[in-house]
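One structure is given here, and the rest of the page talks about it.
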Amino acid sequence: MHTKIVSLLPAATEIVCALGLEDKLVGRSHECDFPESVKQLPVCSEANFPDNLSSAVIDAKVKEILADALSVYTVNRDQIKQLAPDVVITQAQCEVCAVSLNEVEKALENYLDKQARIISLQPNCLDDIFNDIATIANVLNVSGAGNALLEELHQRVDIIRHKLKFSENKPTVACIEWLEPLMLSGNWVPELVGIAGGISILAEPGKHSPYVEWDDIRLQGPEILIVMPCGFPIERTLKEIDLLLRLPGFGEMKAVKNNHVYIADGNQYFNRPGPRTVDAIEILAEIINPKQFIFGYEGEGWIRFDL
C-alpha cells in the first residue's frame, strides 16, 4: 500500500502511528508531537496568533478571529500540494482544537493534482473516539490492526470498570479546561471521570465544554479539583495557576482543604481523542481511586498541587 497521509490533527497522527502506519505519514500539523519521531515530518499548518499568550488573551483572540469568520489556523496549501497526499485527516469537532474541515476543503479545492480522500473526525464521546479509530483503520486498509488496537483499549477500560464495579464511594470532580475565562471539560471527559469512579460536575457527557462562573463551581463543593487546560502541559498550567488560587473562597473548598487539587497534562492526554484517551482514564483512576490504581503516570501525566 502506497497511501500517503497528511494528518492535521494530533489525535489522528497518534491513531495512524498506533495502527503501524507511521511510515505512510508525509505531513503533520504544527501541533502533532507524539510519538516524538513525527516531529521530523513537514509541517502543514500554523496558528494565526503567537505562542505564550495568557489564557485570557488566547480566549479573546480566538473569539475575535472566529467572529470575523477567519480560521484560528492556516493550512499551508503549497506544502500539502508538494506532498501530494492520498488521504488528509482533519476534524469538525472544534474550531479551536485543530485545523477545521472547512479550512482543509478550501485549501484543497481545485488545488491538488489528484483526488485526495478527506477523513473528518467529530468525536463527542468515548465510543465516537473508538469508532474514529475503526474508520481510519478501514479507510487505510488495516482493519485487522484496528481491531487489535481497539481490543487492547477496551480491555484496559474494562479492567478499571471491573475493579470499581461495587465501589459506592463516587467523589464529585471538577475538571477545569480553561482558567480565564473559566471553562469545565465537556465532550468525553465527564464520561472518563465516570469510568474512573467519580462524578463530573457542571459538564454533561457528549456536550461541548461550558463556560462557568466561579461561584457555581464553589457552591457545588467538588471533592476533587483537576486542572487540565486545553493544549497546556503541566509546566504551562503552573505559570497561570494563580488565576485559580486568587478566586474568592478557593481556600475554603473541600477539595483544597483535603489536599485533592491536581494538575494534569491536558495537551497530551485529555484534549486528544485518540488511543491515549485510555491513558487519560487511567490517570483519572489514579487520582480518584489511588488505593486501587497505580499505573505510573504521576509526575509526568499529572501532579498533586500542594498549596
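The values are calculated or read from the model by the stated rules, or taken from the named source; none is laboratory data. These numbers come from a predicted model, not from an experiment. Note: ideal-geometry Cβ built from the backbone for every residue, glycine included; neighbour counts use all protein chains shown. Just so you know, the surface numbers come from the protein's heavy atoms only, side chains and all, with ligands and any DNA or RNA stripped out. Shrake-Rupley method; radii C 1.70, N 1.55, O 1.52, S 1.80 Å.
Tabulated data
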item	result
Those residues of the range 235-246 which are open to solvent by 40 Å² or more (accessible area, probe 1.4 Å) and not in a helix (DSSP H, G or I), in sequence order	Arg246
Flag for Lys81 being more than 20 Å from the chain's Cα centre (by Cα) and either at pLDDT 80 or above or assigned to a helix (DSSP H, G or I) (or both)	yes
Count of the range 274-295 residues which are assigned to a helix (DSSP H, G or I) and touching a helix residue (DSSP H, G or I) at 6+ places or on another chain (Cβ under 9 Å)	10
Residues being in a strand (DSSP E or B) and buried (at least 24 other Cβ atoms within 10 Å of the Cβ) - total across the range 43-54	1
Hey, Ile226 more than 21 Å from Asp132 (Cα to Cα), β-branched (Val, Ile, Thr) and part of a strand (DSSP E or B) or not	yes
Filtered residue count, the range 94-131, keeping only those that are closer than 23 Å to His30 by Cβ, modelled with pLDDT under 95 and surrounded by 14 or more Cβ atoms within 10 Å (Cβ to Cβ)	21
Residue list for the range 186-223, filter: of a type in the set (Phe, Trp, Tyr) and either touching a residue at least 40 places away in the same chain (Cβ under 8 Å) or in a loop (DSSP other than H, G, I, E, B) (or both)	Trp188
Residues satisfying the stated conditions in the range 1-42, i.e. charged (D, E, K, R), assigned to a helix (DSSP H, G or I) and either more than 15 Å from the chain's Cα centre (by Cα) or surrounded by fewer than 21 Cβ atoms within 10 Å (Cβ to Cβ) (or both)	Glu22, Asp23, Lys24, Glu36, Lys39
Pairs, first open to solvent by 60 Å² or more (accessible area, probe 1.4 Å) in the range 293-305, second part of a loop (DSSP other than H, G, I, E, B), C-beta under 8 Å, six or more apart	Glu300/Asp265; Arg304/Asn259
Residues of the range 247-268 classified as assigned to a helix (DSSP H, G or I), in contact (Cβ under 8 Å) with a residue 40 or more places away in the chain and either in contact with a Lys or Arg (Cβ under 6 Å, 6 or more places away or on another chain) or under 16 Å from Leu307 (Cα atoms) (or both), total	3
Subset tally (residues that are open to solvent by 10 Å² or more (accessible area, probe 1.4 Å) and either farther than 24 Å from Asn289 by Cβ or touching a helix residue (DSSP H, G or I) at 6+ places or on another chain (Cβ under 6 Å) (or both)) for the range 257-266	1
Residue in the range 196-228 that is farthest from Ser55 (Cα to Cα), counting only those that are crowded, with 22+ Cβ neighbours inside 10 Å and out of contact with any strand residue (DSSP E or B) (no Cβ under 6 Å at 6 or more places or on another chain)	Gly197
Given (1) in contact with a Pro (Cβ under 6 Å, 6 or more places away or on another chain); (2) at pLDDT 95 or above; (3) not acidic (Asp, Glu), index of the condition Val6 fails	(2)
Selection from the range 47-60 of residues that are under 18 Å from the mean Cα position of the chain (by Cα) and touching a residue at least 12 places away in the same chain (Cβ under 8 Å)	Ala47, Ser55, Asp59
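To keep it simple, each residue is scored yes or no on (1) surrounded by fewer than 21 Cβ atoms within 10 Å (Cβ to Cβ); (2) touching a residue at least 40 places away in the same chain (Cβ under 8 Å); (3) more than 23 Å from the chain's Cα centre (by Cα).
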| position | (1), (2), (3) |
| --- | --- |
| Ala148 | yes, no, no |
| Arg156 | yes, yes, no |
| Trp178 | no, yes, no |
| Leu184 | no, no, no |
| Cys230 | yes, yes, no |
